[in-house]
1. What is the gain in length, in nm to one decimal, between residue 56 and residue 453 on full extension, counting 0.36 nm per residue of separation less the C-alpha to C-alpha distance?
2. Cross-link partners among lysines for residue 400, C-alpha distance below 21 Å, same-chain residues fewer than 8 apart left out?
3. Please list, ordered by chain and number, the residues whose modelled amide H lies under 5 Å from the amide H of residue 383; skip anything fewer than 5 residues away on the same chain.
4. Given R₀ = 41 Å, FRET efficiency for residue 339-residue 372 by Cβ-Cβ distance, to 0.05?
5. Could you give the nm distance between label points at residue 155 and residue 281, where each point is 7 Å from its Cα heading toward the beta carbon?
6. Using modelled amide H (1.01 Å from N, peptide plane; none on Pro or chain starts), what sits under 5 Å from the amide H of residue 183, excluding residues fewer than 5 places away?
7. Strictly over 25 Å apart at the Cα level, which of 38/148; 275/352; 52/277; 284/339 would you flag in this model?
8. Full extension from residue 110 to residue 94: what is 0.36 nm times the residue separation minus their Cα-Cα distance, to one decimal in nm?
Amino acid sequence: MGKYFGTDGFRGEANVVLTVEHAYKVGRYLGYYFGKDKTGEGDDRARIVIGKDTRRSSYMFEYSLVAGLTASGADVFLMHVTPTPSVSYIVRTDEFDCGIMISASHNPFYDNGIKIINNHGAKIDASVEEEIEKYIDGEIPELPLATKEKIGRTTDYSMGRNRYIGYLMTLPTRSFKNIKVGLDCANGASFTVAKPVFDALGAKTYVINADPDGTNINTDCGSTHIEGLQKFVVENGLDCGFAYDGDADRCLAVDEKGNLIDGDAIMYICGKYMKQKGQLVGNKVVTTVMSNMGLYKALEAADIGYEQTTVGDKYVYENMMENGYVLGGEQSGHIIFSKNSQTGDGVLTSLKLMEVKVENKCAMSELTRGLKIYPQVLVNVRVKDQEAALNDPDVLLAKKAVEEKLGGNGRILLRKSGTEPLARVMVEAETDELCRECAESVANVIREKGYEI
C-alpha cells in the first residue's frame, strides 16, 4: 500500500483524510498523465469517465476531480450515480483512457474514496498511484495548465449507465418469470440499476433501501447488515434476496428460509455449476486467505481445485488473469466472473446465482447442500500503527497460543485492513464461543500494548 492509496483506492473521512484538494490534484495528475502524449486539439485529448455513489460528499469530490482534469486538458464524461462495475464496463467498451469511481464502498456515509480504473476496466497499476502520491506531496514539479481551446470539456454520459443495464439484461439464458426476488440496494448506487434489470428479466421484484438521502448509504442495510434482508425475505415469502454494498461491487444472498449465502457459498454454487457446464477453466476457483475452511473442504469433495491470494479483489483478479481462471472472489461478496467483468460486480453476481437456481429448478437453499461453513469470528481493533501492532512479539505469542489450542480443528489469521486503520483478528473453530474467546484473547493483547486508537 502507498501513503494515500490502499488496496481499493484513496479512502478516508471526507475533508479530513480525503480532501477536495486531494481530489483536485488527483484530477490534475490523471489529466496530465493520460494527455501528455496527445495534442490536446480536437478529439485528440485524454477522455476520462467518472461515476459516483450516493454519499453527500460524492458531488463535492466529483466537481473537484472535474476541475483538475479539465484544467489539465482532459475531456470528462459524467455517468452520475452508478455502480463501480458500470464504470469498469464503460471504460473498456467505449475506449476511455481511464475511469474514476467516487465511493467508499461499504464504509459509512461520512467516508469517501477515489478508485481509479485503467482502460481495460481493472484497477490501475500501483506505479501510477505512486506518481499521484508524489504529486500530492509536492515531489513532482507543478504541472502545466491547459489554456484557450485546450481546456477540457465536461459532458453528460448517463447513457453509459443505461448501456451497462442493457448489457446485464443480455447475460441470463433463462427468464426469471414469477420468481419473487428481494433486493436491498443499501441506499447506494445499485438503486439506479438492480430493479430495472430484474424487472426486465421477468422477476417479481421487491426492493428495500432504495431511497438515498446522502447520509443513509450502508446505514443498517445492504451487504454489511444482511439481517434486514433476511427478515424481509421470510416475512414476504420471497424465493430469494440479494444485498449490495454502497457502490454495488459486492453481493450477498439470502435463501427462501432467510439463511445467508455469503461470498464463499456463492463461489461454491457457481463453481460447481460452471464445472458441470464445462466452463470452469483450469478447474480452479481463486479465493483469499479469508475464505472459510468449509469452502475448501466442499470444493475438494466436488473435485474442484483452488488458489489463495492475500485479501483484496485486485489480487484475486491478478491471479485469475495470470492463470486464465474464470471465477474468483472474496467471502465478503466481491465475486469476479472474468468472462463478463474485470472487477467485482454485485448485480452480475446476483444474476449468475439466479441462473443456477432457474437452471436447476430448485429452491435457493438446495444449492448449498454439501457446504458446511465453520463458525468464524472477526475482531477489528482500530490502531495507530498496523505493522507494529500485528508484529509485536507479545501479539505473536498470543497468536501461537491460539494455534496450539485449536490444533487442526481451526485456524487464526492476523492481517491489516487495506482500506481502514484496522488490525484484524480472524478465528475459525468448531463453535462460535471458542472463536470469540480465541479472537478476543489476541485482540486484548493488541489493546493492552497501547496500539488501539
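1. Details: separation 397, 0.36 × 397 = 142.92 nm, distance 2.68 nm.
Separation in residues times 0.36 nm, less the Cα-Cα distance, equals 140.2 nm.
2. Output for residue 400: 416, 449.
3. For residue 383, the qualifying residues are 422, 423, 453.
4. Working: r = 29 Å, r/R0 = 0.71.
Given R0 = 41 Å and the Cβ-Cβ separation, E is 0.90.
5. For residue 155 paired with residue 281, the spin-label model returns 3.2 nm.
6. Counting only residues 5 or more places away or on other chains, the set is 206, 207, 208, 242.
7. Details: 38/148 16 Å; 275/352 14 Å; 52/277 36 Å; 284/339 15 Å.
Distance filter (> 25 Å) returns 52/277.
8. Details: separation 16, 0.36 × 16 = 5.76 nm, distance 3.21 nm.
Going from the current span to full extension adds 2.6 nm.
FYI, it's all coordinate maths here, none of it is from the lab. Note that this is a predicted model, so its numbers are computed, not measured. Ideal geometry is used to build each Cβ from the backbone, glycine not excepted, and the neighbour counts take in all protein chains shown.
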